[in-house]
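Novice: Take this structure, written in structure tokens, and hold onto it; I'll ask about it next.
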Amino acid sequence: MEEKKITRCFFRFDITQSTKVLMYKITQGDGKRWNIDGEEERGHITLREIGRSVNNTLVLLGEGYMRIITACDGYEYMIEDKEGGGAEVSFQGPVNALLAQALMPRMTYVPGTLRAMSEDMPDYASIAEFMEIRAERNAGCPNSQDRHGWRVNMKFNNELVPWLPPFNGDRRENPKKQRRKERAGKFVRR
């Protein structure tokens with residue numbers, strides 16, 4: 001069987017938060033979502049997942065930027081403040097890993113700003129153009145990353161739908177809604 005060459009991918013998109021807001025979200029997650037080691041004033045902190053000492057994320061800080069290097073696969077996010085508010089995020093890694101790490105502050109995507117390129121492309125292109133090139137490159141062979149694509153797609157305003165395989169998983173039922181359905185009596189919310 002022929003060994004398939006892995007092509008590195010790069011993504012850029014805008015978010016509504018600045019690096020200051022993201023740092024605030026990181027400190028608010030301390031003790032709830034992760035533990036923080038290091039000092040913000042020294043320019044670097046480490047987020048350690050509660051209960052999993054091997055899973056940690058490095059956050060490097062500077063004036064107007066934040067660099068996040070994830071634990072397991074070393075995916076890298078470079079977040080730079082934009083004039084007028086918000087920030088631009090550059091990510092190096094596969095499309096199914098975009099914003100999918102547990103040790104990341106939540107970011108709000110600005111719709112229509114997702115751009116991508118692979119190492120064999122000269123520059124960033126729209127996500128539509130990138131996904132078309134990716135589909136041509138993988139002609140006849142389904143991309144193993146795409147089975148997790150729906151999780152990423154939801155974070156990006158459903159802009160990846162035309163290139164993902166049909167979703168055939170079970171929908172997860174909200175436990176609160178399930179309990180409401182099970183209730184009976186005259187005080188039931190409808």
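The values are calculated or read from the model by the stated rules, or taken from the named source; none is laboratory data. Please read all numbers here as calculations on a predicted model, not as lab measurements. Reconstructed Cβ throughout: ideal geometry from the backbone, glycine too, with neighbour counts over all protein chains shown. Keep in mind that these areas ignore ligands, DNA and RNA; they rest on the heavy atoms of the full protein, side chains included. Shrake-Rupley method; radii C 1.70, N 1.55, O 1.52, S 1.80 Å.
Novice: From the list Thr46, Thr113, Thr27, pick out the single residue that is open to solvent by less than 70 Å² (accessible area, probe 1.4 Å) and in contact with a Lys or Arg (Cβ under 9 Å, 6 or more places away or on another chain).
Specialist: Thr113
Novice: Only one of these conditions is not met by Glu88: (1) among the acidic types (Asp, Glu); (2) out of contact with any helix residue (DSSP H, G or I) (no Cβ under 8 Å at 6 or more places or on another chain); (3) free of Cβ contacts under 8 Å to residues at least 60 places away in the same chain. Which number is it?
Specialist: Just one mismatch for Glu88, condition (3).
Novice: Report whether or not Gly112 is more than 30 Å from Arg137 (Cα to Cα) and not in a strand (DSSP E or B).
Specialist: No; evaluated as a whole, the condition is false for this residue.
Table: residues versus (1) within 30 Å of Cys141 (Cα to Cα); (2) at pLDDT below 85; (3) under 15 Å from the mean Cα position of the chain (by Cα).
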site	(1), (2), (3)
Tyr24	no, no, no
Ile36	no, no, no
Val59	no, no, no
Glu63	no, no, no
Ile68	no, no, yes
Met78	no, no, yes
Ala97	yes, yes, yes
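Novice: Report, by residue number, each residue of the range 13-60 that is under 22 Å from Gln92 (Cβ atoms), of a type outside the set (Phe, Trp, Tyr) and touching a Phe, Trp or Tyr at 6+ places or on another chain (Cβ under 7 Å).
Specialist: Residues satisfying the conditions are Ile15, Thr19, Leu47, Glu49.
Novice: A further question on this structure: Which residue pairs have Cβ atoms closer than 8 Å, lie 6 or more positions apart in sequence or on different chains, and pair a first residue in the range 16-28 that is on the phi < 0 side of the Ramachandran plot with a second residue that is of a type in the set (D, E, K, R) and part of a helix (DSSP H, G or I)?
Specialist: Gln17/Lys25; Met23/Glu40; Thr27/Glu40
Novice: How about the range 74-95: which of its residues are outside any loop (DSSP other than H, G, I, E, B) and open to solvent by 30 Å² or more (accessible area, probe 1.4 Å)?
Specialist: First pass over the range 74-95, keeping only residues outside any loop (DSSP other than H, G, I, E, B): 76-81, 87-92, 95.
Once the filter is applied, which keeps residues that are outside any loop (DSSP other than H, G, I, E, B) and open to solvent by 30 Å² or more (accessible area, probe 1.4 Å), the range 74-95 yields Glu76, Met78, Glu80, Asp81, Glu88, Gln92.
Novice: How many residues, within the range 54-73, are in a loop (DSSP other than H, G, I, E, B), out of contact with any helix residue (DSSP H, G or I) (no Cβ under 7 Å at 6 or more places or on another chain) and more than 19 Å from Ala100 (Cα to Cα)?
Specialist: The qualifying residues number 1.
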